[in-house]
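What follows is a single structure, written as structure tokens, with notes after it.
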Amino acid sequence: MIRSAAGSIKDVEAIAGLLIEGFHRKFQALKVTESERNSMLRCLAEHMISNHKDNLLIIRDKHIQGVLFIKPQNWKVWEVMGRLFKELRFKTFLKAITFLLALDHSSKYNEIHIDFITVTQLDRGQGIGTKLIELVKSMADDSQHVTLYVSVTNLAAQRLYERLGFQIKKKGTSLVGSNLHGIHEWYFMEWKGAKNNE
């Protein structure tokens, strides 16, 4: 089991498949076709591999088992918008952009923000998510902290993050988010680094 870089067409397909598997419920509120949803997520996978490969952490053993994406300080939003515009009907394109903006987080200079983490259904319960988060924590220096959002209803994820030293810093609600991706209440969680968490 290793952390590896992504780059091949096979990796694009595998990461897009993981996004589809992990986040299809969040897309149900958009009321787009399965084909359009899959196109959106394939565009995102291509964009991440083409522009933000260093922000992708991948655990694989024969196949990609889990992926974690760290929010880039310089997210090339125009390029991903261009990809989506080429692939989608205009109405679906507008929904996709609104959806992505609703999930966007502006990272501070000393913040490593986990944009998303997903593990294949086949490999869940084997510690893949833990390994991915530990990789991120090992990248942080003493001045940095690691953050993420989690749905209030996702108790399993909350327990995992708390076990790994994350603390709830803020609870929020979003009517817009509830309508766009089905998450009405969320927690903003933070890990402050080894020295600050002792």
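Just so you know, all these numbers are worked out from the coordinates, no wet-lab data involved. Everything numeric in this text was worked out from a predicted model, so none of it was measured. Please note: Cβ atoms are built from the backbone with ideal geometry, for glycine as well, and neighbour counts cover all protein chains shown.
Equivalent ellipsoid of the chain: semi-axes from √(5λ) of the C-alpha gyration tensor, largest first, are 26, 20, 16 Å. For Q65, the residues whose modelled amide H falls within less than 5 Å of its own, excluding neighbours fewer than 5 places apart on the same chain, are I59, R60.
Per the helix-only calculation at 222 nm, which mean residue ellipticity applies to the chain, given -39500 (n - 2.57) for every DSSP H run of n ≥ 4 and division by its residues, nearest 500 deg cm²/dmol?
Theoretical 222 nm ellipticity from helices: -14500 deg cm²/dmol.
If you run the Gaussian network model on the chain, springs between alpha carbon atoms under 10 Å, then out of V152, V77, V136 the most flexible one is V77.
Normalised by 2.2 N^0.38 Å, where N counts its residues, the alpha-carbon radius of gyration of the stretch 78-168 equals 1.33. In the elastic network of the chain, a GNM with C-alpha springs shorter than 10 Å, the most mobile of L94, L155, L41 is L155.
In the stretch 46-141, what chymotrypsin sites (Phe, Trp or Tyr not before Pro) fall in a loop by DSSP, with at most 13 other Cβ atoms inside 10 Å? List each step's numbers first, then the result.
Details: sites: F69, W75, W78, F85, F90, F93, F99, Y109, F116; in loops: W75, Y109.
Filter output for the stretch 46-141: Y109.
Segment T98..W78, full-extension length gain: 5.8 nm, with 0.36 nm per residue of separation and the alpha-carbon distance subtracted. Structure remark: mean-square fluctuation, Gaussian network model of the chain, C-alpha springs under 10 Å; the largest value among R37, R83, R124 belongs to R124. The distance linking the stretch 10-37 with the stretch 80-131 is 10 Å (Cα centroid to Cα centroid, whole angstrom).
The length gained on full extension between K169 and N51, counted as 0.36 nm times the residue separation minus their Cα-Cα distance, comes to 39.4 nm.
Rounded to two decimals, what is the ratio between the C-alpha radius of gyration of the stretch 9-103 and 2.2 N^0.38 Å?
Ratio of Cα Rg to 2.2 N^0.38 Å: 1.05.
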